[in-house]
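Okay, structure first, notes after.
Derivation of every value follows stated rules applied to the coordinates shown; laboratory data play no part. The structure displayed is predicted, hence computed values, not measured ones. Cβ placement follows ideal geometry from the backbone for every residue including glycine, while neighbour counts extend to all protein chains displayed.
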Amino acid sequence: MSQALVSLTIDGVEVTVPVGTKIVDAAKQAGIEIPVFCYHPKLESVGMCRQCLVEIGRPKIDRSTRKIVRDKNGDPVIEFGPKLETSCTTPVGEGWVVLVNSERAIEGRRQVIELILTSHPLDCPICDKGGECPLQNMTMAHGPGKSRFLYEDKMHLAKHVPLGDLIFLDRERCIQCARCIRFQTEIVDDPVIAFSERGRKLEIVTLSEPGFASYFSGNTTDICPVGALTTADFRFGARPWELNATASICPHCAVGCNTMLNTRREARSQGRVVIKRVMPRQNEAVNEIWLCDKGRFAHHFASSEERLARPVIKLKRRGRLTATTWENAVKFVVEGLQAAHGAVLGIAGGRASNEDLYALHRLMDGLGGRAVLHDQMAGGEFVQQAGVGPGTNLADLGSGDCILVVASDLHEEAPIWWLRVKQAAERGAKLIVANARPTRLDAHATHILRYDYGVAAHMILGMLHEINHQKELDQYASAETKKVAKVVSKANNVVVFYGSEGLDYAASHDLAQNCATLLAASGHVGRANNGLVAVWTHSNTQGAWDMGVHPEPGGLAAALKGQKAAYVVAADPAGDEPLLTSLLEQVDFLIVQGLFLTETALAADVVLPAQSFVERDGTYTNGMRRVQRFFPAIAPNEGMRADWEILSAVAAAMGIDSARPSAAAVMQDIAAKNRDYSEVNYPALSRNASQWPHVGGKDIYFGGTAHPNHQGLGVQLTPRVERQKDISFDWAAPRKIAHKPRYLMVPITKLYDRGTTVVQSQVLGPRLEILRLYVNPEDAERLGMIDEGEVEVQWDGRKQRLRSVIDEHVPSGAVLVPRSLGVPLATAVDVKIRPIAL
Amino acid sequence: MLADKHKSEIKAILKKYPAKEKRSAVMPLLFLAQREYGHITPAALVEVAELLELDPTEVGSLIGFYTLLHDEAAGKYRIQICTDLPCALRGAEELAKRLCANLGIRLGGTMTNGLITVEEVMCLAGCDKAPTLQVQDADGIHYHENQTLGSAMELIAELMEKGSDG
């Protein structure tokens, strides 16, 4: 598809850009800087600040002939308007002559700065933005040295207004560009901040409850061109120029947002190097220049005081944990593993890096045991086969394309995907949202499908029926599935996001398989912008599958049967599921490797302190199978080792393999063994490409303070279907769902749960979810429950008292309970509910 | 609750706009709320937002933008005196000052009987008949031109009588 082009001259430079390009962007592409405040390349132009004023000359048109007037040399006569014009609102025109650095334009912009500064406090020395402030930079570059305005007329306004728990507003510093308000309205669709009053009295307000509590609120501080908006985390924490920056990958969900960890060695942290803030790092194919607030504000766990710092062993006789040296600990581990004679199980969590998981798999393999993933959601093999192809970018999806989101609440589980899927829908992509209950994405859906919890896979079969017309699928088809199946089959590109809300291992396996089959049947696999994406709970669950570490159908309880030793890496099965504690204790020898003294670690014979993702390097593979690298930002405590390093040392001590010197070397092993990763190596992961829009750098006013990406965009793996033409997909008949006489309690994911990685955040505290049981009003009436009353829930011989909330969005027959808040519930269960009389 | 008391009127207002563009009804609903309570109370703001599926912040932003929408309680009658240039040249500032002094309130204040508030406003587009003032009450806005202290006091006496009756 070729786009019509327009040529013009900007400050003597010939520029050719697509029709509709704004002058400010055309100039940027030609390397000519036009300063801006309100304009942002990701937002609609509004022309509010007037900082981008330029002179625009247009070819003179003869009114009678409608032809361009030419001079005696045959060149078009250029006519300049009487006034300067805003280059951010004016699309380019053929043959135009734009003067950015003419005397008039410079004077115009100088006066705008002078005007903006009339009420600016100029408290740069104490301002968080000082040092990376567009207004400060622009004043130095374009501003006048003196002001003609009267100091007495300066507005004196509130300087510490909490707009919410995370964002503070300094009313004096605000220059009324509305970038934050437009971001919340246009990009996030959560208009909880707005302007009130007019003129010099204009101010940003929130009247929402509980204030500026958007999951994306931190981004407004990046695009704020002054220090008006600051975060509770970084506010008065450090000066930007004192900070070192290390590239990292967010460890919180399967999106894999690229981040930059800003660190500083400081006296107030006893001379340690600490993370001062987490900033987004541009990767237009992953997170663009955004970051959700969990990624930004839940980093404190990595440098927590409660971290394990030395290996500890427990001699059974004494039953107490005793600190020891690494040498002793490894020896102890080796002895314990040897005594197990191959009856050994590796248990890993989805937070471990590819290198860790590979090393665990290798060790278990060498011992004659196996490694499993502590997770409930299945389907990783279908993502390997039919995942999205290289070159996939949700930003490319729009009119003519289709996105299906099934069994997932993206806004809670993977906020940046939610944002980008929503934007694809706004560009005209058909968005099918299928879930048992309404979610926030419904507001942007073109088609909403409801099903009863547990029958997600059945519904996909109904859609498949419309495509392959197999008789056996008749039973699953309905008018609704017919309609949406047509949307899917007609679309140019289709991406399917599947999650596991209300689904156990088997049901999520069926869902993944049927989604992959649907995609294959409708011709939407094996190329960019088509395929299956898993909304995993952890950052590297897909990587675990790729490394051969995945959950087993019977779960950990079944896998632990008959095992003499267990080796737990980056997981806390006993903490997640107390019933597993006794099973883990029954194992003769339990090794636990991790950051904290978890429930599982308390049951262990050896506890080995691992380095967190901020202290080491490694790679994660995100839900779209993009392998991305993170770097060490902080020197680890001497007593901590990287997971892969410990595992490699144990393997070497047992004569299984030689010890590997670095994570990069482990990745070389992975590439040699795993065909999917054959192109992956650390240099390849560090490869870069120029990205639009420009962020960071000298032109910080343009895109904001998100960091440019110099450390690599990662490598998106090729799905097997693209390589192996013989892969075929077949649907799986899902299990029949038995009629339930009781209620189905479904764990749902909330962004701010009370998991170890979140609860330690120093600023997210007030935003954390509170444990509640959500019940449908009719069910509540039937059960005789009241809102905010207490109920007793019984399942599998367990009892728990919970506070209940009546919520019309809960499907009838189900009760919802957020995960990681105190109810150890991995998957949906039948429960009995009894209200407790007051 | 507005929705209980003015059910049919709200329904009639909403009916004027396409169901998908409910938000367009925000101004008439705010007028309704202001007529009912004299100003837009926080509860009314939230109610209007809920009726139109808007965020309360969006509604609040409008109240902040429009000078004739009030989020603070004041007298039943708001005497709004223009003090922009043409009116000022014809003595509006002096008028406002003396009127307030007569009523025993400061500019922007409300009489203890809760009936009269005197405010200073920007141009009312009555420059040829300066000084101009307007009275904002539940019925809307009423112009009073070529004002003097005497005529303004007479007007206020009328309003006080009217106000204390109803």
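The figures follow:
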{"read-out": "Cα long-axis angle, helix B:42-52 against chain B (0 to 90 degrees, to the nearest 10)", "value": "50 degrees"}
{"read-out": "Förster radius 25 Å - calculated FRET efficiency between A:GLU426 and A:GLU778, Cβ distance, rounded to 0.05", "value": "0.10"}
{"read-out": "Exposure proxy order (Cβ contacts within 10 Å, fewest to most) of A:ILE56, A:ILE181", "value": "A:ILE181, A:ILE56"}
{"read-out": "Protection proxy ranking of A:793-802, A:239-248 - average other beta-carbon atoms within 10 Å, highest first", "value": "A:239-248, A:793-802"}
{"read-out": "Around A:ILE34: net Lys/Arg minus Asp/Glu count, Cβ-Cβ under 13 Å", "value": "-2"}
{"read-out": "Segment A:5-101: C-alpha gyration tensor shape, a/c 1.5 cut-off, then a/b vs b/c", "value": "prolate"}
{"read-out": "Computed [θ] at 222 nm, deg cm²/dmol, the protein assembly as shown (DSSP H ≥ 4; -39,500 (n - 2.57); rounded to nearest 500)", "value": "-8000 deg cm²/dmol"}
{"read-out": "Over the protein assembly as shown - Rg/Rh using Cα atoms and the Kirkwood inverse-distance radius", "value": "1.02"}
{"read-out": "Principal-axis tilt of helix A:354-367 within chain A, Cα atoms, nearest 10 degrees", "value": "20 degrees"}
{"read-out": "Nitroxide proxy distance, nm - points 7 Å out along Cα→Cβ at A:GLN3 and B:ASP165", "value": "6.8 nm"}
{"read-out": "Separation in nanometres of the label points that stand 7 Å from Cα toward Cβ, at A:VAL77 and A:ALA528", "value": "4.8 nm"}
{"read-out": "Set of aspartates and glutamates with alpha-carbon distance to B:LYS76 below 19 Å, sequence-local pairs under 8 removed", "value": "B:GLU36, B:GLU119, B:GLU120, B:ASP137, B:ASP139, B:GLU154, B:GLU158, B:GLU161, B:ASP165"}
{"read-out": "Relative contact order, percent, segment A:743-835 [alpha-carbon distance under 8 Å, six or more residues apart]", "value": "44 percent"}
{"read-out": "Anisotropy class of segment A:420-509 from Cα gyration tensor, a/c 1.5 cut", "value": "oblate"}
{"read-out": "FRET efficiency, A:HIS341 to A:ARG798 (Cβ-Cβ, R0 51 Å, nearest 0.05)", "value": "0.90"}
{"read-out": "Nearest 10 degrees, 0 to 90: helix A:103-116 Cα axis against chain A principal axis", "value": "60 degrees"}
{"read-out": "Segment A:298-317 residues near the modelled A:VAL273 label - backbone nitrogen below 16 Å, point 7 Å along Cα→Cβ", "value": "A:302-304"}
{"read-out": "Relative contact order computed over segment B:2-65 (Cα-Cα under 8 Å; 6+ residues apart), in percent", "value": "27 percent"}
{"read-out": "At 1.002 mPa s and 20 °C, Stokes D of segment B:1-113 from Kirkwood alpha-carbon radius, µm² per second", "value": "133 µm²/s"}
{"read-out": "Residue order, fewest to most beta carbons within 10 Å, for B:GLU21, A:GLU114, A:GLU781", "value": "B:GLU21, A:GLU781, A:GLU114"}
{"read-out": "Neighbourhood charge, 15 Å Cβ-Cβ cut-off, centred on B:GLY64 and excluding it, Lys, Arg +1 and Asp, Glu -1", "value": "-2"}
{"read-out": "Gaussian network model of chain B, Cα within-10 Å springs - most flexible of B:VAL135, B:VAL59, B:VAL118", "value": "B:VAL59"}
{"read-out": "Fewest-first sequence of B:LEU45, A:LEU580, A:LEU503 by Cβ atoms within 10 Å of each Cβ", "value": "B:LEU45, A:LEU580, A:LEU503"}
{"read-out": "Neighbourhood charge, 13 Å Cβ-Cβ cut-off, centred on A:LEU764 and excluding it, Lys, Arg +1 and Asp, Glu -1", "value": "0"}
{"read-out": "Hydrodynamic radius by Kirkwood, which averages 1/r over all alpha carbon pairs of segment A:257-384, in angstrom", "value": "18.8 Å"}
{"read-out": "Segment A:1-136: relative contact order as a whole-number percent, Cα under 8 Å and 6+ apart", "value": "28 percent"}
{"read-out": "Amide H within-cut-off set for A:SER87, under 5 Å, with H built and near neighbours excluded", "value": "A:CYS52, A:LEU53, A:VAL54"}
{"read-out": "Global form of segment A:380-535, assessed from the alpha-carbon gyration tensor, a/c cut-off 1.5", "value": "rounded"}
{"read-out": "Label-to-label distance, nm, for residues given as A:ALA733 and A:GLU472 (7 Å Cα→Cβ offset)", "value": "0.6 nm"}
